[in-house]
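Comments concern the structure below.
The values are calculated or read from the model by the stated rules, or taken from the named source; none is laboratory data. As the structure is a prediction and not an experimental result, all values here were calculated from the model. Cβ atoms come from the backbone with ideal geometry, glycine included; neighbour counts cover every protein chain shown. Ligands, DNA and RNA are stripped out before the accessible areas are found, and what is left, the full protein with its side chains, is counted by its heavy atoms. Shrake-Rupley method; radii C 1.70, N 1.55, O 1.52, S 1.80 Å.
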Amino acid sequence: MSMDEKLPPSEAVVLCRYIIFQGYQPGMMQPSLLVELEVMASELLNDGLDAWQQSFDFMSRSTADFILPAEFDTHHLLKRIVMATLSILDKGGMPGIGRVLLRYQEARAGGSNRFRIAFPSVHQRQQAVLCALQAVLEVINKAAGGFSRANQECMTASVINRAVDQISKLAPEKNTRFFLQAADAASIPWSRLTGNVFQFGWGAKARLLDSAFTDQTPIIAAKIAKDKRAAAEMLRHAGIPVPDHIPVNSEQEAVDAAVRLGYPVVVKAARLDAGKGVFAGLQSSMRVRSAYREARALCNSVLVEKHVFGNDYRLEVFHGKVYSVVQRIPAGVSGDGFRTVSELVRQANEDPLRGEQGGHTMLKRMVIDSEAKALLQEQALGADSVPDAGRFVRLRNAANVSSGGTFLTVREAPHPDNLELAIRAVRLLRLDLAGVDLLIPDISRSWRESGGVICEVNSQPDILSFMQPYLLHGLLQFQGRIPVVMVVGDAGNQSWFAALQRDLSCRGEGVGVASCRDVQLCGRVVFSDSPDLFRNCMALLRDPAVDIAIMVVGDDSFYRQGMPVDRVDVLVLAAPLHDKDGVPDWARTLKTASMLAEVSSLVLFDPADAGWVAARSRLIGAAAVTECRTDSMDAVITAFLDTCGKRM
């Protein structure tokens, strides 16, 4: 897919064309978008760009956080374009993964320069990167064309906010964003399957994740945990301490339940997550009625629950172990003796870690709504009051990060009884990964002595970004990778090819073979209706029955679409590619073979093959090519794969 344009005199930068790579390019760990830009020389531009550079205050984080290769340093405007594009993607919730590479540059007549830049992308269709880049170019070209400075900031904000809104609809969910960043840092291959579902790893060693749901999370367990009433009943019957609650269907029933339980109480929507519809510490019938109306508007099922005093701790459990403990702090501000509550909230919300509800930031902005105003009134304060220095002013009773709260790392060692309580609760619900909310005066003392209750078990918890690497390594072995063998040219008639498949199958390996003709698994054709080599190879990598993937490269589509893998264990140069008339095409063969050799650990060819002997000197990376006669090819490959397995 491409687009060609001429460079209008009034435009500083033009997107000449772009190419979508569904697979890997050398040096990149994800799908990418290769763009060709024509940039006018800086000295030919008007000073409108100075105003443009100052107007990019929309950036969600410092541009210092984006590290570009040194070759961008000599092209100031190009570097600013790339930085701004990455910033818009970040603000829209796209994970900052991979590297931006400058692939090509050329000086043009008239003082312009042409560049080819490769942008990493999460989605195979790359709409997000293109949307961000086009927004940046629109702002630059309006600034360079003499757009009114008075309207510069307003115009920039409008264009950028529109792009951010579009990108946020494509962005992965927050947990998934952090998992992708962790996978990128650990060189774990990943691919998007559908929606927010991503595959990490390949074949038999791959795992699927949808936010904090794994492919081993039982649907029954997730449904029970989603229903606060059902989960509490199940835990109560097993001896787990949980708060008393009463289901209600009207405001009056809610007030009656509060009287029966005794104030203070909690009103909560029974089937929502992330603190939605939860109102804690209610002390009056008026507050209960108001809370019921708000909770009922969000969910048909509402509970009134006895409020339990104590610190709020989140214990996250994975495969029967507690891997993280944090204390959750309700939304609020600390007075300084000078500023009003509204001013303190405004200042706190300027923290770049805070964002809008439903956004992708770690923390959320605080709001002074009806619940906050009621709490302020209980504290004899208002939004315009000036609290004393050091006084903490609560804006929420429930300690949810999603409603503006924060968290603190627990420094004291949790008592073993409290850890076991959380582990047992998760085990009873049959969850593999969960967040347990424990209300207890002191996490270092046993709940048996000090009292404590589990108020909720969340089957899809918000996972702290620094914990994703731990979880990924717990889910995956060997980076989730299976051995990959690639064969350039048709090897179907070569005896070693059949022998290799037979030897590996005899060892109990699930051997998958993909070619331009079909996809085979354990010697049987799975499907043969697609000549698309990339698609067929991806079908292998997504099949959990595949222990070893063999990919027969019969065309040069990898060079145009990208490779299905970023690393190849063994590359066999078996035969040349052919043109449409069946004539060997060594130019295309060498281009494809050179690209594959660059990412291969071992490259083999038969010294008796005169064609490859003659072509070897023209093969990039020829020093890594090893001679191997066809009668020993399968044994050499098998031995090398065994070595790879031990090394992993």
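With protein chains left intact and a 1.4 Å probe, residues in the range 399-446 average 41 Å² of accessible area per residue.
Comparing 304, 583, 93 along the charge dipole axis of the chain, the residue lying farthest to the positive side is 304, per the Cβ-charge model.
I'd like to check one number: the per residue accessible area of the range 325-380, probe 1.4 Å, reported in Å² as a whole number. Accessible area per residue, the range 325-380: 50 Å².
Over the chain, what is the mean sequence separation of C-alpha contacts under 8 Å (at least six apart), divided by residue count, expressed as relative contact order in percent?
Working: 1328 pairs, mean separation 79.0, N = 648.
About 12 percent, as a whole number.
A straight chain from residue 194 to residue 614 at 0.36 nm per residue would run longer than the Cα-Cα distance by 146.6 nm.
Counting each DSSP H run of 4 or more residues in the chain as -39500 (n - 2.57), what helix-only mean residue ellipticity at 222 nm follows after dividing by all residues, to the nearest 500 deg cm²/dmol?
On the way: 20 runs with 218 residues, N = 648.
Calculated at 222 nm, the ellipticity per residue is -10000 deg cm²/dmol.
Could you report the range 489-540's accessible area per residue, 1.4 Å probe, as an integer in Å²? Don't skip to the end; give the middle numbers.
Numbers: 2580 Å² over 52 residues.
For the range 489-540, the solvent-accessible area averages 50 Å² per residue.
Working note: Cα gyration tensor of the chain, eigenvalues times five, square-rooted, sorted largest first, giving semi-axes of 53, 36, 18 Å. Straight-line cross-link partners of residue 276 among the lysines, defined as a Cα under 27 Å from its Cα and at least 8 positions apart when in the same chain: 91, 169, 174, 223, 226, 228, 268, 306, 364, 373. Electrostatic bookkeeping for residue 404 treats Lys and Arg as +1 and Asp and Glu as -1; over the other residues with beta carbon under 12 Å from its beta carbon, the sum is +2. Partners of residue 580 within straight-line reach, counting lysines whose Cα lies under 18 Å from its Cα and excluding those fewer than 8 residues away in the same chain: 591.
Express the carbon and sulfur contribution to the solvent-accessible surface of the chain as a percent, rounded to the nearest whole number, probe 1.4 angstrom. Here it works out to 51 percent.
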